[in-house]
Amino acid sequence: MWPAPVWIRTADEAGALARDLQGVQAVAIDTEADSLHHYPERLCLIQLADPRGRVCFLDALALV
């Protein structure tokens, strides 16, 4: 069973994640953006997975 994903919604949580990932050799990253052709593309979600199997969702709209 995989651990539950961690939602990152604040700058403090994002900073803690960045510190925790220091020294990690690899991180898988996927992004989601909203682009409806009439509006500039905007980053909405960043998904990260580390070698330990932890998955984090960074809510880019909440971090603005």
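For PRO3, state whether it is assigned to a loop (DSSP other than H, G, I, E, B) and open to solvent by 80 Å² or more (accessible area, probe 1.4 Å). Explain how you work it out, then say what you get.
On the way: assigned to a loop (DSSP other than H, G, I, E, B): yes; open to solvent by 80 Å² or more (accessible area, probe 1.4 Å): no.
So PRO3 does not fit the description; no.
State yes or no: is ALA14 assigned to a helix (DSSP H, G or I) and either open to solvent by less than 60 Å² (accessible area, probe 1.4 Å) or touching an Asp or Glu at 6+ places or on another chain (Cβ under 7 Å) (or both)?
On the way: assigned to a helix (DSSP H, G or I): yes; either open to solvent by less than 60 Å² (accessible area, probe 1.4 Å) or touching an Asp or Glu at 6+ places or on another chain (Cβ under 7 Å) (or both): yes.
Spelling it out, ALA14 is indeed assigned to a helix (DSSP H, G or I) and either open to solvent by less than 60 Å² (accessible area, probe 1.4 Å) or touching an Asp or Glu at 6+ places or on another chain (Cβ under 7 Å) (or both).
Inspect the stretch 36-51 for any residue being touching a Leu at 6+ places or on another chain (Cβ under 7 Å), aliphatic (A, V, I, L, M), in a loop (DSSP other than H, G, I, E, B) and open to solvent by less than 70 Å² (accessible area, probe 1.4 Å) and give the result as yes or no.
Among the residues of the stretch 36-51, not one is touching a Leu at 6+ places or on another chain (Cβ under 7 Å), aliphatic (A, V, I, L, M), in a loop (DSSP other than H, G, I, E, B) and open to solvent by less than 70 Å² (accessible area, probe 1.4 Å), which makes the answer no.
Going by the conditions given, is LEU61 in contact with a Leu (Cβ under 9 Å, 6 or more places away or on another chain), surrounded by fewer than 14 Cβ atoms within 10 Å (Cβ to Cβ) and either without any contact (Cβ under 8 Å) to a residue 60 or more places away in the chain or part of a helix (DSSP H, G or I) (or both)?
When the stated conditions are applied, LEU61 passes them.
The values are calculated or read from the model by the stated rules, or taken from the named source; none is laboratory data. All values reported here derive from a predicted model rather than from experimental measurement. Heads up, the Cβs are rebuilt from the backbone with ideal geometry, glycines too, and the neighbour counts pull from every protein chain shown. These area figures cover heavy atoms from the full protein model, side chains too; ligands, DNA and RNA do not enter into them. Shrake-Rupley method; radii C 1.70, N 1.55, O 1.52, S 1.80 Å.
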